[in-house]
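The values are calculated or read from the model by the stated rules, or taken from the named source; none is laboratory data. Just so it is clear, the structure is predicted and the values come from calculations on it, not from any experiment. In this analysis, Cβ positions are derived from the backbone assuming ideal geometry, glycine residues included, and neighbour counts consider all displayed protein chains.
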Amino acid sequence: MTQQNAARNPGLYGGKSSRRITVRDIAAAKRRGEKWPMLTAYDAMTASVFDEAGIPVMLVGDSMGNTHLGYDSTVPVTLDEMTMLSAAVVRGTRRALIVGDLPFGSYQEGPAQALRSATRLLKEAGVGAVKLEGGERSADQIRLLVEAGIPVMAHVGLTPQSVLAFGGHPVQGRGEEAAQQLLRDAKAVQDAGAFAVVLELVTAELAAEVTRSLHIPTVGIGAGAECDAQVLVWTDMAGMTDWPGGRMPRFVKQYARLRESLGDAAKAFAEDVVSGAYPAPEHSFRS
């Protein structure tokens with residue numbers, strides 16, 4: 001890319017822009033062969049930090065059920081909860097494309113229900129796109145949303161809303177039959193109009209094949225290095241998650257130890273209060 005073209009088409013990560021990133025920018029990055037990062041976000045303050053850091057796409061994921069709402073899975077998350085937190089993330093950002101998850105039970109009945117749910121996220125929360133799980137089984141929902149002007153990010157491979165059916169979190173795409181079905185799912189969501197597709201817990205070889213076969217970008221999470229983009233739950237990435245038994249998933253890389261740092265700060269504050277060191281004179285007012 002020439003310097004002039006680079007100025008007209010800044011990279012998704014860290015680029016400067018006076019407008020929101022759109023699905024057209026995402027498509028252009030795929031054509032350029034540019035990789036880009038995506039993080040989850042669930043509140044205005046955290047989202048503003050990621051926006052300032054140049055993260056181009058943020059997902060208000062139903063992972064909020066585990067990370068912020070105390071649920072055992074994503075299944076209990078409601079559309080009301082998703083709408084409220086998505087609106088907070090939108091308010092906390094200026095540049096990033098904000099994608100809101102459609103939670104379990106908000107689109108499975110069919111295209112009409114999916115349209116009602118997605119419309120709420122656009123109108124009430126202000127998101128720029130929605131995400132829903134499923135390949136061939138969700139193609140009709142995706143098609144209607146796209147026809148209505150709602151950008152859709154699809155999600156295939158391990159779909160957390162179906163964790164009860166999966167019986168856990170098995171890696172997807174192992175074996176010829178499973179691999180062919182995942183390929184069909186990925187192509188089905190592309191043909192239905194999705195602008196991108198998340199590949200979760202998919203073998204690296206299959207994810208690479210899917211990425212090569214699609215003209216829309218793939219977003220990997222536990223799907224190897226050949227995907228067009230990578231996403232992590234931000235509390236995993238930043239070392240905030242308290243994993244049961246300390247067993248962190250293989251695909252997670254921690255870039256900070258915020259849980260430890262936050263705990264140390266809380267203890268230091270508590271000890272200052274107990275000892276009388278806080279508030280000191282410089283933290284107090286005088287008449």
Handout entry: Filter pass, residue 103 being within 19 Å of the chain's Cα centre (by Cα), assigned by TED's automatic domain parsing to the domain that holds residue 11, in a loop (DSSP other than H, G, I, E, B) and within 22 Å of residue 38 (Cα to Cα)
Key = yes
Practice task
Would you mind stating whether residue 228 is charged (D, E, K, R) and either in contact with a Pro (Cβ under 6 Å, 6 or more places away or on another chain) or touching a residue at least 60 places away in the same chain (Cβ under 8 Å) (or both)?
Solution key: yes
Practice task
Just need a number here: residues in region 41-62 that are buried (at least 24 other Cβ atoms within 10 Å of the Cβ) and at positive phi.
Solution key: 0
Handout entry: Meets criteria (assigned by TED's automatic domain parsing to the domain that holds residue 185, surrounded by fewer than 16 Cβ atoms within 10 Å (Cβ to Cβ) and modelled with pLDDT under 95) for residue 164
Key = yes
Practice task
Please enumerate the residues belonging to region 68-90 that are surrounded by fewer than 19 Cβ atoms within 10 Å (Cβ to Cβ), part of a loop (DSSP other than H, G, I, E, B) and either charged (D, E, K, R) or in contact (Cβ under 8 Å) with a residue 40 or more places away in the chain (or both).
Solution key: 72, 73, 75
Exercise for the section: Would you mind stating whether residue 191 is charged (D, E, K, R) and in the same structural domain as residue 55 (by TED's automatic domain parsing)? Expected result: yes
Practice task
Could you grab the pairs with beta carbons closer than 7 Å, sequence gap of 6+ or different chains, first residue in region 190-217 and on the phi > 0 side of the Ramachandran plot, second one in a helix (DSSP H, G or I) and among the β-branched types (Val, Ile, Thr)?
Solution key: 193/142; 193/146
Completion exercise
Subset of region 205-261, residues over 17 Å from residue 38 (Cα atoms), among the hydroxyl-bearing types (Ser, Thr, Tyr), modelled with pLDDT of 95 or more and in a loop (DSSP other than H, G, I, E, B), comes to none
Exercise for the section: Kindly indicate the residue of region 129-143 that is surrounded by fewer than 19 Cβ atoms within 10 Å (Cβ to Cβ) and of a type outside the set (Lys, Arg) and also nearest to residue 183 (Cα to Cα) among those meeting that condition. Expected result: 136
